[in-house]
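The values are calculated or read from the model by the stated rules, or taken from the named source; none is laboratory data. Here the structure is a predicted model, which is why all the values come from computation and not from measurement. All Cβ positions, even for glycine, are placed from backbone atoms using ideal geometry, and neighbour counts span all protein chains on display.
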Amino acid sequence: MPSNSTGLADRSLAVLRKDVLCEFRTRYAINAILLFGITTLTVVSFSVGQKNLPPEVYAALYWVIIFFSAMSGLAHVFVREEESKTSTILKLTADATPVYLGKLGYNLLLLILLQIAIAPLFLTLTDAVLTDPALFIILLILGTVGLAGATTIIAAIISKASVKGALFAVLSFPILLPLLIGLISATTKAFSESGGGLGGASSELQLLVSYGVVMITASIMLFEYVWEG
Amino acid sequence: MKHSLTVDHLFMFFGRRKALEDVSFSLSTGDSLAILGPNGSGKTTLLRILAGLIEPSRGTITFLSGDKPLDRADVRRRLSYIGPELALYDALTAAENLRFFATMRGIAIDDGLIGRILEMVGIGGRGNDYYSAYSSGMKQRLKYAVALLNDPVFLLLDEPSTNLDKDGKMVVSGIVARQKENGILIIATNEKEEYGFAEQQYRIGG
């Protein structure tokens, strides 16, 4: 039997590389996510773009756009394996952890692209005033990590169900609610003159860091049961 | 190292329907077994259980390396399964598919080895073609190439000649002969011409 010559990092990267290559050649998820995000943003900008709304409304609108865009595409990472019947051979050949880490990396990449596309457009097309860019960038990073961590394991859970799309949103909503509340509260401070900077949002930042760490750690521990169960 | 596989009083139920009833057998290195039975008799279910894809309702399966029991990860490293329901990645080429599964198996692979494996299954020179562009017979051959990557101790074949032409069937005959020398082979089939692939037979489902 050939000896093991590739480690966890190599195998996780192989899953990520494979998914990126498949996505690059099929544009299965990225089109759905970006189209949904830009369409929603356009509708939002037409309806509230010229109005001077409170910062909490802009913060909520931003994360609503990101949440629903994520819902439209992040489940594909596992659903595609089931629909193309490749999940069986992946289960036969791969340990659970590199599969999870590779898929998490892929969803992180999709969300980073979404944030890069949506954040500047949102700030341009609405009257939201970014008073604390550093805090906003930190929130984008923590939001991306939290969203990817939660949605990747949920995508694995729902991938075998018959009504995947609806189930993904229904399961994701309660799990993502603490994350969204923290993000909206802290983003309000990044859009507000009296936000208080990083210190003013410290409790939210603690919540968001904890959420990301707990979600990814729990997912790594539970994924084997979800994947092989 | 001598390996063995023991299936002991295996039952499988899907709801109230009994898919497998009291299946028992034991095999060791050099043994080959053909599982025979009509459509719906549970042949594929049995192979999927042996491959670790589904859990049996009752009964035990023990994989041994010498006297040492193998855990799930050990079995996965030593086992390959080919069945009609398996698919590789349409958006990847044959070589990319092989490279990906070799990495997941923990096997270092280079272009030379990929070329040799593809030659072995009769699709040499087609490594840069997308899997989606392959005919069903070529897809089946590429599945054999992936299955051979880990030089399996336990090789499970479900309807092994499906979609294969005469040359493809000869490739399978060669793989079967090699496996019977070095490992354990289990075939599920309805085809009389495949009965001869194995030295022992086990009939299920009437």
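Would you be able to tell me the number of residues in the range B:71-129 that are away from every other protein chain (no Cβ under 11 Å) and basic (Lys, Arg)?
Qualifying residue count for the region: 2.
Determine if the range A:210-220 includes at least one residue that is of a type in the set (Phe, Trp, Tyr), modelled with pLDDT of 95 or more and within 18 Å of the chain's Cα centre (by Cα). Don't jump to the end; show me each part of the working.
Looking only at the range A:210-220, we keep the residues that are of a type in the set (Phe, Trp, Tyr), and these are A:211.
Checking which are modelled with pLDDT of 95 or more leaves us with A:211.
Checking which are within 18 Å of the chain's Cα centre (by Cα) leaves us with A:211.
Yes, there is a match, as at least one residue in the range A:210-220 is of a type in the set (Phe, Trp, Tyr), modelled with pLDDT of 95 or more and within 18 Å of the chain's Cα centre (by Cα).
Looking at B:112, B:168, B:125, can you tell me which residue is touching an Asp or Glu at 6+ places or on another chain (Cβ under 9 Å) and at pLDDT below 95? Steps first, please.
Details: B:112 fails: touching an Asp or Glu at 6+ places or on another chain (Cβ under 9 Å); B:168 fails: touching an Asp or Glu at 6+ places or on another chain (Cβ under 9 Å).
Step by step, each of B:112, B:168, B:125 is checked, and only B:125 is touching an Asp or Glu at 6+ places or on another chain (Cβ under 9 Å) and at pLDDT below 95.
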Given (1) touching a residue at least 24 places away in the same chain (Cβ under 8 Å); (2) in a helix (DSSP H, G or I), index of the condition residue A:181 fails: (1)
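Residue B:61 - would you say it is more than 10 Å from chain A (Cβ to nearest Cβ), closer than 18 Å to residue B:14 by Cβ and either surrounded by 17 or more Cβ atoms within 10 Å (Cβ to Cβ) or modelled with pLDDT of 95 or more (or both)?
no
Tally up the residues in the range B:97-143 that are among the hydrophobic types (A, V, I, L, M, F, W, C) and closer than 24 Å to residue A:95 by Cα, please. Spell out how you get there, then give the answer.
Filtering the range B:97-143 for residues among the hydrophobic types (A, V, I, L, M, F, W, C) gives B:98, B:100-102, B:104, B:107-109, B:113-114, B:117-118, B:120-121, B:123, B:133, B:138, B:142.
Filter once more, keeping what is closer than 24 Å to residue A:95 by Cα: B:98, B:100-102, B:104, B:107-109, B:113-114, B:117, B:142.
Total satisfying the criteria: 12.
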Qualifying residue in the range B:93-104 (condition: out of contact with any Gly (no Cβ under 9 Å at 6 or more places or on another chain) and in a loop (DSSP other than H, G, I, E, B)): no
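What about residue B:72, is it among the basic types (Lys, Arg) and without any contact (Cβ under 8 Å) to a residue 60 or more places away in the chain?
For residue B:72, the condition - among the basic types (Lys, Arg) and without any contact (Cβ under 8 Å) to a residue 60 or more places away in the chain - is met.
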Among the residues listed as B:10, B:46, the single one being among the aliphatic types (A, V, I, L, M), buried (at least 20 other Cβ atoms within 10 Å of the Cβ) and touching a residue at least 60 places away in the same chain (Cβ under 8 Å): B:46
Which listed residue, of A:210, A:192, A:162, is outside any helix (DSSP H, G or I) and without any contact (Cβ under 8 Å) to a residue 40 or more places away in the chain: A:162
Odd one out for residue B:66, checked against (1) buried (at least 17 other Cβ atoms within 10 Å of the Cβ); (2) at positive phi; (3) more than 7 Å from chain A (Cβ to nearest Cβ): (1)
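Just to be sure, is residue B:179 under 28 Å from residue A:22 (Cβ atoms) and within 14 Å of chain A (Cβ to nearest Cβ)? Full working, then the answer.
On the way: under 28 Å from residue A:22 (Cβ atoms): no; within 14 Å of chain A (Cβ to nearest Cβ): yes.
The answer is no for residue B:179.
Looking at the range B:141-161, which of the residues that are free of Cβ contacts under 8 Å to residues at least 40 places away in the same chain and closer than 23 Å to residue B:43 by Cβ is farthest from the other protein chains (Cβ to nearest Cβ)?
Residue satisfying both the conditions and the ranking: B:161.
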Tally, over the range A:12-53, of residues that are assigned to a loop (DSSP other than H, G, I, E, B) and touching a residue at least 40 places away in the same chain (Cβ under 8 Å): 7
